[in-house]
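Below is one structure, written out as structure tokens; comments come after it.
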Amino acid sequence: MTDPSERTTALRVAGADAAGLAASAERDGVPVVAVGSTGARALEPLVVATHEGTSAFVPNADADDVAAAVDALADGTLPDADARVDHDEVQASLPIPSIEGFAGERSVLARCGWTDPRDPDDYANAVGFSDADADAVLDAAEGLRGRGWGDWCADEPYADLWAGVRERDGPTSVVVNAHGNPGDALLLESDPFAVLDGASAAARAVDADYLYLYASEADEAALERARDAAAARDYGVPVEVVAGPDVYRAAEPTMAIEAIEGNHRLEARLRPPGPEVEGIYGNPTVVHTARTYAHLAGAIHGDAPETRVVSVTGDVADATTVELAESDTVASATAAAGVDDFTAACVGGKFGGITTDLDVGLAPEDLDEADLGTEGVVEVLGEDRCPVAFVGQRTNVASETNCGRCVPCREGTTQLTEKLRDVYDGTYDEGGMTELMGVMESTSICAFGRDVPRTVRTAMREFDDAFEAHADGDCPSGTCAVGGTQ
Amino acid sequence: MSSEHADRADAPPLTETIAPGTATDPDVKSAEEATVTVDGQDIVVPEGSTIIEAIEAAETAGEVPALCYYDRDSPEAEKIGPRSECRTCMVETDEHGMVPSCSFPAEDGLTISTDDEAATEARDVNLDLVLSDHNLRCTTCGKNGRCELQDAAIDNDVEEPRYGVFDDREAYEPLDDSSDFIQIDRNKCILCNRCVEACNDVQVEGVLRMEGHGADTRIGFQNGSETMEDSTCVSCGHCVTVCPTGSLVEQGITDAATIPLPGFSQKNSIGKSLESTGKEKKGPMTRMKRDEPKDLTSEARTDENPGDWL
Ligand code: SF4
Ligand code: SF4
Ligand code: SF4
Ligand code: FES
């Protein structure tokens, strides 16, 4: 059942409860596979029935739908479905249907929801585990950049840093940081072997002695698939899976290292030097996101398109993760997630930039120019949301969830929250906030405190009128009780 | 969190007895002797230096409070810091932009300016941020006149701190007056971590720790106790000697510097205190049973539940 060529007829059930549904549908002659999520979580459980080069998609399937689909396949037909896609008889990646939740051609997400995340042979047949040597890996990594705030080389090339680590003495570690970002968790959950293919190549490149897969304790499916995948074959380096606490800061690269070392309390480490010099137990360590390693695996196999994995969260039914060309826009991502009406979006993670204009390219340079973040998460603020209240709450969360180490972040977020409260009492101290945010940005130890100001700054720019109106006792969206207690 | 990897060959032996709750910082000191330029003066600093050593050797153009930096010439002091938390030591460098001088390696050839406008503003704002969370009740404080925060504020000409001071009495933490040797007033703590390092890295007693996160970050006890009396403290007093503020004061002199007015006392300044239970005193150097460390990493507030922020 592992050779994809035997799966010209197959039923795939994608999503969190897929295993149970798939087990209930076992029939002689029709392979039923519980696959990982496709990224379109709102459609799950999603049934994909494939027969002779056509796949039929049945979203939000129940046991009856699964049974009907198996019966249809057993009869040599396809079930009633929301969408059908024609493709090659032997297909190594998910065919993309034209239904809400999907967009664009996939490269790093190609096998999510298609290959069996529990079966290394499935990845081996679809792609093949690379045995590229250190030099070949470093060549493939040339020009590639790290992705996401959990990546020590976010938006920066990492090949030179790896070459340096290779030369350094001491037991070296490779960390896959899949903490917190839905795209990283999706990769671990649905295509863990691609991540391990890239990470074990990295381990050869830096001559590593240990490889760690790190994810949030909240992403249970990702952790489970990661544990199975780690045990499923020999990667040439010992692989260990570590769960970190379900708090945003735990994705910061040095806090990830603290969690891997087993510290009961997480705070950031000073830098420089960074983990590439003193990481896990003081030894050289490279820390990148699952996306970074998956893109590297693609590059090693000769498939390195300029794409970005983008997750749409916030006021949407379920998070949707898509892969889009860097030349594509934030608007394409929100459209794929079915977002029509919105007040604004927070682009680039928890402390991304607030914008109403989603016609911005996905390349890091384009996002940067628009003062938006590159984390690959677009948080939608629905129609009835007040942007002033949103930044107040977000800043308050920052003041309560930072690691507590440095003054500009620990005390700065508290004072910034105070100043946002003052707006409700009639004082909009733009100058004071700008001064404070400048210092938080330039003097905080880690990216947490350096990023918080972006959310407030961009909102003040984009919704200047709404801030002034609140100070004058009026909430334009009618959601805040201004002047009194909410 | 999993810690199944404790058998890793290069993992340090599990120091099960000491859990200070802080991060393991890299070595931030320079690897060799270096010549740097501070406000136009060439300064030579030995191997093992951060920028602040050069700043101290120079006539600086700007006032650099460097509040949390523990600047003593002793082998013990070497084991304390840099914590680099207060960020009142920021300076501009041509090579790396703005950096914290107490924890940035003194690399050969660095060009440093202390009077750069942005760096000066950053030091001022951060000093004011420290004051915003400090109850500035100097008149009843046992460290009045020998307090590093007071000195820094005076030297930096702070007249009206931008964000005020911590004066919401409702929000004050009770004074920990339960120990016969040391009084703790967390309302004066600047979280410099010196006491934690003195206790764990110098004395190797494993009593104090950093705990909590965000606005709730505080010094606490590794055995999970609420009071100094119930902690495993052996009353060596090292923490008191390193504390820059009136947060840790020897009993008996907590009101030594209080101005002599009726009703003026350190205790009245807070209004609530944790007292000794009067139970039989531990003999010197007796340890208490250690509790499991509390799970301090779970957060009540999330984006789904941002709470009542107004
Ligand atoms: S910036 Fe915030 S999260 Fe980072 S070290 Fe400082 S207090 Fe901790
Ligand atoms: S007096 Fe107690 S808390 Fe302070 S350093 Fe000594 S043992 Fe630690
Ligand atoms: S009690 Fe004193 S030494 Fe300890 S962290 Fe607070 S201010 Fe620093
Ligand atoms: S003295 Fe450098 S950060 Fe406090």
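Put simply, of A:377, A:360 the only residue that is open to solvent by 10 Å² or more (accessible area, probe 1.4 Å), within 22 Å of the chain's Cα centre (by Cα) and touching a residue at least 60 places away in the same chain (Cβ under 8 Å) is A:377.
Among the residues of the stretch B:229-243, the one identified as within 14 Å of ligand 3 (Cβ to nearest atom), open to solvent by less than 10 Å² (accessible area, probe 1.4 Å) and outside any helix (DSSP H, G or I) is B:231.
Residue pairs whose Cβ atoms lie under 7 Å apart, sitting 6 or more positions apart in sequence or on different chains, and linking a residue in the stretch B:80-94 that is over 17 Å from residue B:119 (Cβ atoms) and more than 8 Å from chain A (Cβ to nearest Cβ) to a partner that is open to solvent by less than 10 Å² (accessible area, probe 1.4 Å) and charged (D, E, K, R), are B:80/B:194; B:81/B:194. As for the stretch A:382-389, it holds no residue that is within 16 Å of ligand 3 (Cβ to nearest atom), of a type in the set (Lys, Arg) and in contact (Cβ under 8 Å) with a residue 12 or more places away in the chain. Within the stretch A:111-140, the set of residues being assigned to a loop (DSSP other than H, G, I, E, B) and free of Cβ contacts under 8 Å to residues at least 40 places away in the same chain comprises A:131 only. May I ask you to list the residues in the stretch B:248-258 that are part of a loop (DSSP other than H, G, I, E, B) and within 12 Å of ligand 2 (Cβ to nearest atom)? Once the filter is applied, which keeps residues that are part of a loop (DSSP other than H, G, I, E, B) and within 12 Å of ligand 2 (Cβ to nearest atom), the stretch B:248-258 yields only B:251.
Of the helices (runs of 4 or more DSSP H) contained entirely in the stretch A:397-477, those carrying at least 2 residues that are of a type in the set (Val, Ile, Thr) and more than 7 Å from every other protein chain (Cβ to nearest Cβ) fall at A:407-424, A:447-462.
Looking only at residues in the stretch B:70-109 that are among the β-branched types (Val, Ile, Thr) and within 16 Å of ligand 1 (Cβ to nearest atom), which one is farthest from the chain's Cα centre (by Cα)? The residue in question is B:99. Tell me yes or no: at least one residue of the stretch B:114-122 is surrounded by fewer than 24 Cβ atoms within 10 Å (Cβ to Cβ), away from ligand 2 (no atom under 16 Å from the Cβ) and in contact (Cβ under 8 Å) with a residue 60 or more places away in the chain. Yes - at least one qualifying residue is present in the stretch B:114-122. Filter the stretch A:149-182 down to the residues that are touching a Ser or Thr at 6+ places or on another chain (Cβ under 9 Å) and assigned to a helix (DSSP H, G or I), then identify the one that is surrounded by the fewest Cβ atoms within 10 Å (Cβ to Cβ). The extreme case among them is A:166. Exactly one residue among A:259, A:203, A:208, A:218 is more than 8 Å from chain B (Cβ to nearest Cβ) and assigned to a helix (DSSP H, G or I), and that residue is A:203.
Residue by residue, here is whether (1) away from ligand 3 (no atom under 11 Å from the Cβ); (2) part of a loop (DSSP other than H, G, I, E, B); (3) crowded, with 19+ Cβ neighbours inside 10 Å holds:
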{"residue": "B:191", "(1), (2), (3)": "no, yes, yes"}
{"residue": "B:195", "(1), (2), (3)": "no, no, yes"}
{"residue": "B:225", "(1), (2), (3)": "yes, yes, no"}
{"residue": "B:245", "(1), (2), (3)": "no, yes, yes"}
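For the residues A:185, A:243, A:208, A:251, the requirement of being farther than 22 Å from residue A:352 by Cβ, touching a strand residue (DSSP E or B) at 6+ places or on another chain (Cβ under 7 Å) and buried (at least 24 other Cβ atoms within 10 Å of the Cβ) singles out A:208.
Within the stretch A:442-486, if we keep just the residues that are hydrophobic (A, V, I, L, M, F, W, C) and within 30 Å of residue B:116 (Cβ to Cβ), the residue that is surrounded by the most Cβ atoms within 10 Å (Cβ to Cβ) turns out to be A:452.
Out of B:50, B:35, one residue alone is more than 14 Å from chain A (Cβ to nearest Cβ), among the polar types (S, T, N, Q) and either away from ligand 4 (no atom under 14 Å from the Cβ) or crowded, with 21+ Cβ neighbours inside 10 Å (or both). It is B:35.
Summed over the stretch B:197-223, the residues that are open to solvent by 20 Å² or more (accessible area, probe 1.4 Å) and within 11 Å of ligand 2 (Cβ to nearest atom) give a count of 6. Assessment of the stretch A:188-205 against the conditions (open to solvent by 40 Å² or more (accessible area, probe 1.4 Å) and touching a Lys or Arg at 6+ places or on another chain (Cβ under 8 Å)) yields no matching residue.
Among the residues making up the stretch B:186-213, those that are more than 13 Å from chain A (Cβ to nearest Cβ) and within 16 Å of ligand 4 (Cβ to nearest atom) are B:194, B:195, B:197. Scanning the stretch B:64-90 for residues that are buried (at least 17 other Cβ atoms within 10 Å of the Cβ) and either within 16 Å of ligand 2 (Cβ to nearest atom) or of a type outside the set (A, V, I, L, M, F, W, C) (or both) gives B:65, B:69, B:70, B:80, B:81, B:82, B:83, B:84, B:85, B:87, B:88. Taking the stretch A:34-97 and the strands (runs of 3 or more DSSP E) fully enclosed by it, the elements with 3 or more residues that are in contact with a Ser or Thr (Cβ under 8 Å, 6 or more places away or on another chain) are at A:46-51, A:83-86. Pairs meeting the criteria (first residue in the stretch B:215-234 and at the interface with chain A (Cβ under 10 Å from one of its Cβ atoms) and more than 19 Å from residue A:265 (Cα to Cα), second residue more than 16 Å from ligand 4 (Cβ to nearest atom) and assigned to a loop (DSSP other than H, G, I, E, B), beta carbons under 8 Å, at least 6 apart or on different chains) are lacking. Checked against the criterion of being among the charged types (D, E, K, R), surrounded by 24 or more Cβ atoms within 10 Å (Cβ to Cβ) and at negative phi, the candidates A:271, A:265 yield just one match: A:265. Looking only at the stretch B:173-182, residues that are more than 9 Å from ligand 2 (Cβ to nearest atom) and open to solvent by less than 10 Å² (accessible area, probe 1.4 Å) come to 3 in all.
The values are calculated or read from the model by the stated rules, or taken from the named source; none is laboratory data. Please read all numbers here as calculations on a predicted model, not as lab measurements. Note that we place each Cβ from the backbone using ideal geometry, even for glycine, and neighbour counts take in every protein chain shown. Heavy atoms of the whole protein, side chains included, go into the accessibility calculation; ligands, DNA and RNA do not. Shrake-Rupley method; radii C 1.70, N 1.55, O 1.52, S 1.80 Å.
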